[in-house]
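For reference, the structure is listed below as structure tokens.
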Amino acid sequence: MRRILSGKLHTMALFCAVSMVLGGCAKPDVEETTLSEEKLITVGFSQLGAESDWRVANTESIKNSLTRAGGFDLMFDDAQQKQDKQFHAIRNFIQQEVDCIVLAPVMETGWDTVLEEAKDAGIPVVVVDRQVNVSDTSLITAWVGSDFSREAKIACEWLKSFTEVKGIAPEDLYIVDIQGTLGATAQIGRTTGLELACEQNGWNLLAAVPADYAQTKSKEVMQNLLEQYDNINVVYCENDNEAMGAIEAIEEAGRVVGSDIAAGEILIISFDAAQSGLKLVLEGKIALDVECNPLQGEEIERLVMAVNSGAEFNKYTYVSESAFSADDTVTSVMLDDEEYQITVLTEEILRQREY
Ligand code: AHR
């Protein structure tokens, strides 16, 4: 599926002017940037882990784009969700004098020192998926990823409209949030969006507990939540693997997942819209799945090429994302005065998806 990508345009010329002054992004030696046909662009890719179906699809997308046939020599490192391992990988890439570093960071903070080291070595850093929170934004060359706050807004606006149509009063909603890895941009955006909506709409947020985007951990978290609260009627899962774990726990506890809250069903909202999650939407077990698009490889390829060749590129790029519902109760929501369409999932749509 082709995705539309958008972002704020920065010219490479301007970027280089700034970064040269700061001792930064591009290789300073013009001769080094003049690629002969045989010269591969060496890229070190620090992926944060393999915790979810989404992450696996994201890794595949990037590996499939940065191929030897396409002119890249890719070094890949899986950090197993540990920031220390990412520091180690980046320092290794610096030692190997790669042309570019691609970083999918596990959390937002803590990157200043290691990214300073990359900058001092003249190696551009392209950040993918989550963001880094650094005091000097010239430490990163470009970023491509999702608008996680917008994803949360879509989910919460949908829940608001859905419960209004079904005649469920806001004060009768008892929500638990199974959070992602604390400190990750995806977690911050999705958790904050829900907290805000609970405040604005008068929904009850019973608990928010992290499960690191992992199915097994989410199942444990949900089992504990079911023991603590007997009135949960909405579970807001911050990714599909967490939704799968939560559903297992709910069903093992003898409860039913679905959208008939009035009849005692527990409504599940999820993020990612990977095949595994969307199958549960088709079964009516996930009521809404907001897409987090992992197919970022082509954009990363374009960026790395542009950075290397001195061509124009966007410093910040958001991938486009859809949302899928199990039924047609709500087919659009308003987002900042714009109508946003919700797709009612069908088998045909699921068949056509790439991940
Ligand atoms: O940062 C993106 C999130 O990380 C995805 O929602 C999740 O599945 C992944 O592990």
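The values are calculated or read from the model by the stated rules, or taken from the named source; none is laboratory data. Small disclaimer: the values here were computed from a predicted structure and weren't measured. Reconstructed Cβ throughout: ideal geometry from the backbone, glycine too, with neighbour counts over all protein chains shown. Note: accessible area is taken over every heavy atom of the protein model, side chains too, but ligands, DNA and RNA are not part of it. Shrake-Rupley method; radii C 1.70, N 1.55, O 1.52, S 1.80 Å.
Observations on the structure shown:
- Residue count for the range 92-146 satisfying the condition of being open to solvent by 10 Å² or more (accessible area, probe 1.4 Å), outside any loop (DSSP other than H, G, I, E, B) and either touching a Lys or Arg at 6+ places or on another chain (Cβ under 9 Å) or among the charged types (D, E, K, R) (or both): 7.
- Residue in the range 298-307 that is in contact with a Pro (Cβ under 7 Å, 6 or more places away or on another chain), under 30 Å from Thr141 (Cβ atoms) and open to solvent by less than 50 Å² (accessible area, probe 1.4 Å) present: yes
- Residue that is least open to solvent (accessible area, probe 1.4 Å) [pool: residues in the range 61-84 that are without any contact (Cβ under 8 Å) to a residue 60 or more places away in the chain and within 16 Å of the ligand (Cβ to nearest atom)]: Ala79
- Screening the candidates Ser138, Ser146 for the property of being more than 16 Å from the ligand (Cβ to nearest atom) and either polar (S, T, N, Q) or within 14 Å of the chain's Cα centre (by Cα) (or both) yields one hit, Ser138.
The rows are residues; the columns are (1) outside the structural domain of Glu238 (by TED's automatic domain parsing); (2) of a type in the set (Asp, Glu); (3) open to solvent by less than 40 Å² (accessible area, probe 1.4 Å).
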{"site": "Ser309", "(1), (2), (3)": "yes, no, no"}
{"site": "Glu312", "(1), (2), (3)": "yes, yes, no"}
{"site": "Asp327", "(1), (2), (3)": "no, yes, no"}
{"site": "Glu339", "(1), (2), (3)": "no, yes, no"}
{"site": "Ile342", "(1), (2), (3)": "no, no, yes"}
{"site": "Thr346", "(1), (2), (3)": "no, no, no"}
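- Matching residues, the range 176-197, being among the acidic types (Asp, Glu) and open to solvent by 20 Å² or more (accessible area, probe 1.4 Å): Glu195
- The condition of being in contact (Cβ under 8 Å) with a residue 60 or more places away in the chain and within 16 Å of the ligand (Cβ to nearest atom) holds for only one of Leu282, Leu288, that being Leu288.
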